[in-house]
Amino acid sequence: MSGGPTTEGHLGSSPAALAAARLLAEDVERLAAARRLSAVVGRSATLDRLADIACRLLGTASSHVSMLTDVHVVSGGTGLLGRGMGDSDPLPESLCTLAAVSEDGLAVSDSSLDERVRELPPVLAGEVGSYLGVPLQTEDGHVVGVLCVSDPQPRTWSELDLRMIRQLADSAIAELELSVLTDEYQANEVRFALAVEAAGIGSFDWDLTTGRLTWDQRLIELFGYEDGTFPETIEAFEARVHPDDLPKVTQLLDEAREAGGSFEMEYRIRLPRGDTRWVRARGRALTDETGRSTRLLGAAYDSTSVRESDARVARVLETMSAAFFSVDRDWRFTYVNAEAERLLGISRSQLLGQDVWKVFPATMSGGFDRGFRQALSSGEPVTFEAYYPAPLDRWYELRAWPSPDGLSVYFLDVTERRALQLQTERVAQRSALLAHVTTDLTGTLDAEEAGARLAQLVVPTLADWCLVTLVHREPGREELRDVGWWHVDPALRDTTAEYGQLRLDDLLDTSYLAQVLQTSEPAMLADGAAEKIAAVLKPGGRARDLLDRLTPSAGLVLPLSGRGRITGLISLFRGSGKAPFSDDDLDTAREVAARAGLALDNARLYAEQVRLAGDLQRSLLTAPPEPDHVQIVVRYEPAAETAQVGGDWYDAFLQPGGTTVLVIGDVVGHDSAATAAMGQLRGLLRGIVYSSGAGPAGALRGLDAAMQGLQVGTFATAVVARLEQTDEDRERGVSRVRWSNAGHPPPMVITAEGHVSALADGTADLLLGIDPGTERHEAEVLLEHGATLLLYTDGLVERRGQNLDEGLARLQSLLEELGPRPLDELCDELLTRLLPARSEDDVALVAVRLHPQDRPRPPEAGPKVVPPDIPNPLA
């Protein structure tokens with residue numbers, strides 16, 4: 001798409017767009033500023049990254065940075081719908097034109113309904129259904145472009161969206177200004193190289209392997225050779241050197257070759273006409289990987305007249321747009337050019353002959369001293385940046401070249417460039433902070449974990465140290481609890497943690513936390529922050545002592561609010577000597593607090609759901625009976641990953657005849673429907689077994705039939721076991737376990753001697769709910785008293801990364817180890833050792849221990865509790 005500077009006669013336009021285009025085209029100074037930045041904008045990949053950040057933060061399909069000269073030009077972006085770098089449109093046909101003339105930018109929720117833009121080509125083409133753009137404005141007030149985001153679909157823009165895109169727009173204009181400064185800096189370097197060439201300096205290259213000596217045209221002329229007559233040998237060079245100087249020259253060259261270092265020399269040469277010239281040369285040896293010198297490179301110039309030579313060098317240096325000075329080996333100024341006078345604010349007459357450290361004492365620190373001395377000691381050029389405090393209060397980029405006479409220094413004032421870089425970095429850091437707060441805190445539904453993460457996220461971008469407080473409100477009561485703390489200095493992290501654990505107990509009712517809770521507004525602590533904080537702490541407490549070590553110079557406390565309620569507080573502090581919080585800091589902190597507050601409120605709601613789900617599940621599972629000499633222990637552990645209840649259940653009850661029935665079951669699914677089905681099946685099975693007196697297989701057949709008849713519509717696995725005992729069994733000290741298994745993991749038995757085995761009589765029968773006509777089998781085993789029977793659901797032995805066989809083997813091995821332990825302890829250890837930290841499945845289990853009947857009932861079996869009018873034998 002192309003266009004020209006005219007603003008009239010566009011079919012795909014609107015009165016508002018035409019008026020905006022005329023306004024932009026008539027601003028001559030604005031056009032000049034936009035063209036200046038457009039000339040270098042193509043050299044910055046940062047604009048694409050900023051557009052991509054805008055796209056991701058605001059969740060849009062596309063984003064781009066536009067430059068507005070006499071046309072609208074795409075200068076960077078992402079998701080550009082087939083458009084590329086440099087594509088242009090006439091100003092009246094672009095939404096960005098309208099955004100550029102609006103101080104607050106342009107926000108369009110539904111472009112097809114907005115008469116300002118609905119006739120523009122991108123809207124008619126269906127590319128833009130919603131649009132948000134803000135102007136890119138230079139420091140002198142000129143609008144040079146627009147940063148915008150858009151979507152094909154309508155969308156409502158929030159105040160947070162507008163604040164985020166404005167922050168990114170600041171980064172975009174900073175990047176453009178930085179590109180201009182960089183371009184000027186590179187031009188200065190080229191001009192300097194050209195100035196050196198204009199001074200008549202020649203170069204040489206001596207290949208030590210082949211012996212070939214190459215001179216440029218300047219050196220050939222300097223040594224009195226005609227074109228094509230220089231034989232390119234070291235002997236041809238030596239033939240021109242004055243005999244009195246040749247030994248010295250030879251020695252210096254030999255030393256450079258042997259040491260692989262640099263050299264500098266001044267010597268005389270004799271020309272064919274008999275006249276003598278002085279030549280000053282400087283060079284360096286290049287070495288291979290073994291350290292052997294392979295080439296000597298360098299430059300030389302005619303130094304016959306010291307005055308003329310000085311004048312020539314002075315002309316080069318004076319015409320440079322960069323500052324330059326030189327010092328001798330005693331650090332005294334020997335030369336200062338005009339630009340250096342201007343930047344340093346002192347005339348050269350006051351500087352020449354003076355000690356650089358005395359005239360500028362701050363150069364002893366801040367990197368100047370280290371850089372200068374490194375150049376002299378290493379004999380190699382050094383480039384570095386350093387800051388000089390007031391009265392200069394400027395940042396400089398310096399290049400220091402060593403020489404036998406001292407040091408030559410070329411430097412530029414890079415204060416503005418560095419400020420733009422720092423601004424870009426700050427905006428990027430804060431944008432990254434907001435993104436991290438959003439992603440990291442939404443990645444957990446644990447409020448305490450979220451609080452701990454938040455404290456580490458905001459340090460050091462917003463503060464040197466931080467405390468995060470959770471607020472728990474109940475009718476008539478409000479509880480505060482610090483859950484997160486962090487310090488930028490590792491040596492003070494333990495101090496910060498201890499302060500966070502103690503400060504709430506020592507806070508008075510007039511504290512800044514109480515103030516923020518009452519007003520819901522941030523509290524700013526600037527001058528005398530440490531004294532103000534100490535004033536609301538109880539005197540003589542440990543918290544005051546810790547505060548003295550943390551030395552806060554500024555503080556900022558904000559509420560963390562979500563869904564209309566304060567869920568927490570964040571306290572930000574800066575250390576001694578740090579600047580107070582700025583308006584930009586406050587804006588960023590507000591956005592962090594808004595996102596964190598919503599995350600904490602989500603965690604609160606999730607915790608309530610988990611608690612309610614657990615309460616519901618446990619309310620459906622009743623306590624077991626306590627028949628004579630039979631100890632029954634039950635456990636239920638809900639899944640940790642979600643707030644959904646599950647379908648696992650256990651049961652233990654007595655039939656009218658006094659036999660003990662044990663049930664373990666698992667309804668397919670992990671949601672409220674599974675829990676509802678579990679409640680139905682548990683109740684049905686209880687009723688069938690109690691009223692009919694059926695055995696395990698009959699009970700499962702009856703449940704299968706009831707599920708079909710009542711249209712329960714689910715599937716489940718289950719094991720039903722019954723403890724039985726005849727008079728003969730009682731005399732022998734044994735009991736019978738009769739069981740039937742409907743697709744469930746097999747029960748485990750620990751004998752009185754400690755042997756562990758699974759109750760698996762062939763293959764388990766079909767699951768419940770599939771075929772009510774399926775045959776159900778029973779099996780029976782005799783257990784000596786002292787044995788333990790364990791029924792459990794599959795969540796105990798099966799999970800991601802561990803199949804059922806591996807889980808059963810682990811369970812059997814653990815039961816062999818834990819078998820002799822008291823039954824409650826055994827169950828708790830099983831859950832602790834077999835379940836992962838955050839289990840994905842709920843778990844139920846029933847453990848039964850048969851105590852010997854020829855001795856009193858043991859205390860750990862509990863009191864003898866059975867329903868009334870039911871016989872109380874073991875079976």
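The values are calculated or read from the model by the stated rules, or taken from the named source; none is laboratory data. Source: prediction; values computed, not measured. Cβ coordinates were reconstructed from backbone atoms using ideal geometry, including for glycine residues, and neighbour counts include every protein chain displayed. Quick note on the areas: whole protein, heavy atoms, side chains included, nothing else; ligands and nucleic acids left out. Shrake-Rupley method; radii C 1.70, N 1.55, O 1.52, S 1.80 Å.
Using Cα-Cα distances under 8 Å and only pairs 6 or more residues apart, what relative contact order does segment 406-555 have, in percent? Could the numbers behind the result be given before it?
Details: 166 pairs, mean separation 22.2, N = 150.
15 percent.
Which whole-number value in Å² is the accessible area per residue of the chain, probe 1.4 Å?
Working: 40260 Å² over 875 residues.
I get 46 Å² per residue for this part.
Loop-only check: which trypsin sites (Lys or Arg not before Pro) in segment 40-70 are DSSP coil with at most 16 other Cβ within 10 angstrom?
Details: sites: 43, 49, 56; in loops: 43.
Listed in order of number, the matching sites are 43.
Can you grab the distance from the C-alpha centre of segment 50-106 to the C-alpha centre of segment 378-399, Å, no decimals?
What the calculation gives is 39 Å, centre to centre.
Could you calculate the contour length gain from residue 514 to residue 673, that is, 0.36 nm times the residue separation minus the distance between their Cα atoms, to one decimal place in nm? Spell out each step's value before the answer.
Numbers: separation 159, 0.36 × 159 = 57.24 nm, distance 4.45 nm.
The span from residue 514 to residue 673 would gain 52.8 nm if fully extended.
What length, rounded to one decimal in nm, is gained on full extension from residue 271 through to residue 488, with 0.36 nm per residue of separation minus their alpha-carbon distance? Intermediate results must be reported in sequence, preceding the final value.
Details: separation 217, 0.36 × 217 = 78.12 nm, distance 7.01 nm.
Contour length minus Cα-Cα distance gives 71.1 nm.
Quote to one decimal, in nm, the extra length available between residue 49 and residue 159 on full extension: 0.36 nm per residue of separation minus the C-alpha distance between them. Display every interim value, and only then the final one.
Numbers: separation 110, 0.36 × 110 = 39.60 nm, distance 2.28 nm.
Fully extending the segment from residue 49 to residue 159 adds 37.3 nm.
Loop only by DSSP, 16 or fewer other Cβ within 10 Å of the Cβ. Give me the trypsin sites (Lys or Arg not before Pro) in segment 217-296 that pass, ordered by residue number. It would help to have the intermediate numbers written out before the result.
Details: sites: 218, 240, 248, 257, 268, 270, 273, 277, 280, 282, 284, 292, 295; in loops: 273, 292.
Here the sparse-neighbourhood loop sites are 273, 292.
Going 7 Å from the Cα of residue 110 along its beta-carbon direction, which residues of segment 146-166 have the amide nitrogen within less than 12 Å of the resulting point?
154-156
Across segment 508-557, what fraction of all alpha-carbon pairs, as a whole percent, falls in each successive 5 Å bin from zero upward?
Spelled out bin by bin, segment 508-557 gives 4, 21, 28, 27, 15, 4, 0 percent.
With the crude spin-label approximation of a point 7 Å out along Cα→Cβ, what separation in nm comes out for residue 782 versus residue 236?
Rounded to a tenth, the inter-label distance reads 11.8 nm.
First measure r as the distance between the Cβ atoms of residue 28 and residue 521, then evaluate 1/(1 + (r/R0)^6) with R0 = 60 Å and state the FRET efficiency to the nearest 0.05. Mind showing how you got there, number by number?
Details: r = 46 Å, r/R0 = 0.77.
Result of the calculation: an efficiency of 0.85.
Scan segment 541-589 for trypsin sites (Lys or Arg not before Pro) in coil per DSSP, keeping those whose Cβ has at most 15 other Cβ atoms within 10 Å, and list them by number. Please list the in-between numbers first.
Details: sites: 542, 544, 549, 563, 565, 574, 578; in loops: 563, 578.
Here the trypsin sites (Lys or Arg not before Pro) that fit, given the DSSP loop and packing criteria, are 563, 578.
With r as the distance between the Cβ atoms of residue 794 and residue 287 and R0 = 60 Å, compute the FRET efficiency 1/(1 + (r/R0)^6) and round to 0.05. Numbers along the way, then the final one.
Numbers: r = 72 Å, r/R0 = 1.20.
Result of the calculation: an efficiency of 0.25.
According to the square roots a ≥ b ≥ c of the eigenvalues of the Cα gyration tensor, what is the shape class of segment 426-574, taking rounded for a/c under 1.5, prolate for a/b larger than b/c otherwise, and oblate for the remainder?
Numbers: a/c = 1.56, a/b = 1.14, b/c = 1.37.
Since a/c reaches 1.5 but b/c is at least a/b, the shape of segment 426-574 is classed as oblate.
Which one is right for this structure if Cα Rg over 2.2 N^0.38 Å is calculated from it: [x] 1.48; [y] 1.03; [z] 1.08?
[x]
Taking the chain as the reference, fit the longest principal axis to its C-alpha atoms, fit the long axis of helix 493-506 to the helix C-alpha atoms, and give the angle between the two in degrees, 0 to 90, nearest 10.
60 degrees
Angle, helix 696-709 long axis vs. longest principal axis of the chain, Cα atoms, 0 to 90°, nearest 10?
Value to nearest ten degrees: 70.
How many nm is it between the label spots at residue 833 and residue 321, if each spot is 7 Å from the Cα in line with the beta carbon?
Computed distance between label sites residue 833 and residue 321 equals 7.9 nm.
With an 8 Å Cα cut-off and a minimum separation of 6 or more residues, compute the relative contact order for the chain in percent.
Numbers: 1701 pairs, mean separation 56.1, N = 875.
For the chain, the relative contact order is 6 percent.
Between exposed GluC sites (Glu not before Pro) in the chain, where DSSP calls loop and at most 10 other Cβ atoms lie within 10 Å, what's the longest gap?
Numbers: sites that count: 8, 26, 103, 115, 139, 226, 289, 753, 775.
That gives 290-752 as the longest site-free run.
Based solely on its DSSP helices, what 222 nm [θ] is calculated for the chain when runs of n ≥ 4 H residues each add -39,500 (n - 2.57) and the sum is averaged over all residues, nearest 500 deg cm²/dmol?
Working: 26 runs with 338 residues, N = 875.
It comes out at -12000 deg cm²/dmol, rounded to the nearest 500.
When all protein chains stay in place, what accessible area (Å², nearest 10, 1.4 Å probe) is found for residue 771?
70 Å²
Using the basic label-point model (7 angstrom from Cα toward the beta carbon), what is the residue 532 to residue 364 distance in nanometres?
3.8 nm
Of 297, 654, 639, which is farthest along the charge dipole of the chain in the positive direction, counting Lys and Arg as +1 and Asp and Glu as -1 at C-beta?
297
Where q = 0.11, 0.25 Å⁻¹, what log10 of I(q)/I(0) comes from the Debye formula for segment 649-733, counting one point per Cα?
Normalising to I(0) and taking log10 leaves -0.33, -1.25.
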